[in-house]
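*Asks:* Following this message is one structure expressed as structure tokens.
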Amino acid sequence: MLRPPSIDSRRLQEQIDALAAISEAPPPVVTRILFSEADLRGRAFVKDLCQQAGLLLREDAIGNLFARWPGKDAQLTAIATGSHIDAIPNAGRYDGVVGVLGALEAIRALKQNGFEPRRTIELIVFTAEEPTRFGIGCLGSRLLSGALSPERAAGLRDTDGQTLEQWRHKSGYAGPPLNSVLLPKGAYAGFVELHIEQGPLLERENLPIGVVEKIAGPSTLRVQLTGVGGHAGAVLMPERHDSLLAGAEIALAVEQAALNSGSPDTVATTGVFRIEPGAVNSVPCRACLEIDLRDTQLNTRAAALQRIEKAVPEICRRRGIDFQVERLNMDAPALCDPGLVRIILAVCREIKLPAKKMISRAYHDSLFMAQICPATMIFIPCRGGVSHRPDEYSSPEQIRNGVLVLAHTLAKLTS
């Protein structure tokens, strides 16, 4: 067994805190929307740390960052690890970041330990895991894996009508074409992502490590509603065609579709609900809803999706509302690689850290990396199962455990 690497938890926590300070909102809130000023500064911060660690850097046309530790045998396919650093509005400091800065700390610890990998180790910082600017998550890994075509990606628009191509030009990524992002199947011999659980199970069972066997598949709908506006005092109630009320009924139908799916893993959320004109004395004439529906089983997700798509026209016809429904993405669940799962469980036994196999109901870049290479995830607990909030928290000891497991795993996979 590898001599135990020395994980510098204090250095790692200081770097997590420093990255959290790079935000579009004051602390403790962390917000880093794709290609915002904070996102670009965060990328620069991570690039500087990777260069200090002696890693070789490259970026692709969508901004995915690759930090490489070359192995002794250039003929062997590389092993990859990594996650993301973008953050939704009003988020915390650990989601994604633990998998980036923790992986970097694992690499530093292996280097300090005198380990020399035969296979190259590549740390990937994925672009836009969060579905913020364009309403679609895992933008970088979708393009890497071919799950999203360059043509469709180039046409993505934000709420202001700005396209991905315009944002790429503004952010300095407009050199190579988007089709250059795609990686061939087998580009890596394996991919392992370290992540906070974003759920309560590990904490409840007092377990330090989870090893992911399956990742739920996400689907996203955008529903555009057009009613009739007017003065709140002058338009009588029987004559109203209120787009907000139609949207509210749709959101309740979304909840019922998930509750009655027959699967405990079906979850559905109406996470975006915008109305116009947004004045207290005006009947809402337009509404936009974005709906997240996910499950570990395609059949129950498909049935729930069908119920939602059936409910929208029924509600809108009854209320006299015009509607458009767009499927932004429909992604299959991922089965993680059994061989990688066994290796990580063996590592946990060797270093005497209890672990359990788990399902990830949140989706991650690993979902798409699994389309091009064997992949799995290492989970660590987070307090109360809380994530995507400023009070998101994993302790330095919990993070250290995850980094230690990752370091040993990388060593086994690259020896």
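*Asks:* Cβ-Cβ below 8 Å, separation at least six or inter-chain, first residue in the range 309-328 and without any contact (Cβ under 8 Å) to a residue 24 or more places away in the chain, second surrounded by 12 or more Cβ atoms within 10 Å (Cβ to Cβ): which pairs?
*Replies:* Short answer, once both residue conditions are applied: 313/323.
*Asks:* Which residues, counting only those in the range 45-72, are closer than 17 Å to residue 118 by Cβ, open to solvent by 50 Å² or more (accessible area, probe 1.4 Å) and not in a strand (DSSP E or B)?
*Replies:* 70, 72
*Asks:* Here's something else I'd like to know. Return yes when residue 134 is crowded, with 24+ Cβ neighbours inside 10 Å and aromatic (Phe, Trp, Tyr) and no when it is not.
*Replies:* Spelling it out, it is not the case that residue 134 is crowded, with 24+ Cβ neighbours inside 10 Å and aromatic (Phe, Trp, Tyr).
*Asks:* In the range 20-44, how many residues are closer than 25 Å to residue 148 by Cβ, in contact (Cβ under 8 Å) with a residue 40 or more places away in the chain and open to solvent by less than 30 Å² (accessible area, probe 1.4 Å)?
*Replies:* The number of residues fulfilling the criteria is 8.
*Asks:* What helices (runs of 4 or more DSSP H) lie completely within the range 162-259 and have 2 or more residues being closer than 30 Å to residue 66 by Cβ?
*Replies:* 164-171
*Asks:* Across the range 61-89, what is the total count of residues that are under 25 Å from residue 167 (Cα atoms) and either in contact with a Gly (Cβ under 8 Å, 6 or more places away or on another chain) or of a type in the set (Val, Ile, Thr) (or both)?
*Replies:* Total satisfying the criteria: 11.
*Asks:* How do the pairs read when you match residues in the range 45-73 that are within 18 Å of residue 84 (Cα to Cα) and free of Cβ contacts under 8 Å to residues at least 60 places away in the same chain with residues anywhere that are among the hydroxyl-bearing types (Ser, Thr, Tyr) and buried (at least 19 other Cβ atoms within 10 Å of the Cβ), using Cβ under 7 Å and keeping only pairs 6 or more apart or on different chains?
*Replies:* So the pair list comes out as 68/120.
*Asks:* Now for a different question. Taking the condition touching a Lys or Arg at 6+ places or on another chain (Cβ under 9 Å), among the hydroxyl-bearing types (Ser, Thr, Tyr) and open to solvent by 20 Å² or more (accessible area, probe 1.4 Å), does residue 120 pass?
*Replies:* It is false that residue 120 is touching a Lys or Arg at 6+ places or on another chain (Cβ under 9 Å), among the hydroxyl-bearing types (Ser, Thr, Tyr) and open to solvent by 20 Å² or more (accessible area, probe 1.4 Å).
*Asks:* Additional query: Using the structure shown, decide if residue 143 is out of contact with any Gly (no Cβ under 6 Å at 6 or more places or on another chain), in contact (Cβ under 8 Å) with a residue 24 or more places away in the chain and either assigned to a helix (DSSP H, G or I) or crowded, with 24+ Cβ neighbours inside 10 Å (or both).
*Replies:* Yes.
The values are calculated or read from the model by the stated rules, or taken from the named source; none is laboratory data. The structure displayed is predicted, hence computed values, not measured ones. Here Cβ is always computed from backbone atoms with ideal geometry, including for glycine, and neighbour counts include all displayed protein chains. Accessible surface areas use protein heavy atoms only, side chains included; no ligands, DNA or RNA. Shrake-Rupley method; radii C 1.70, N 1.55, O 1.52, S 1.80 Å.
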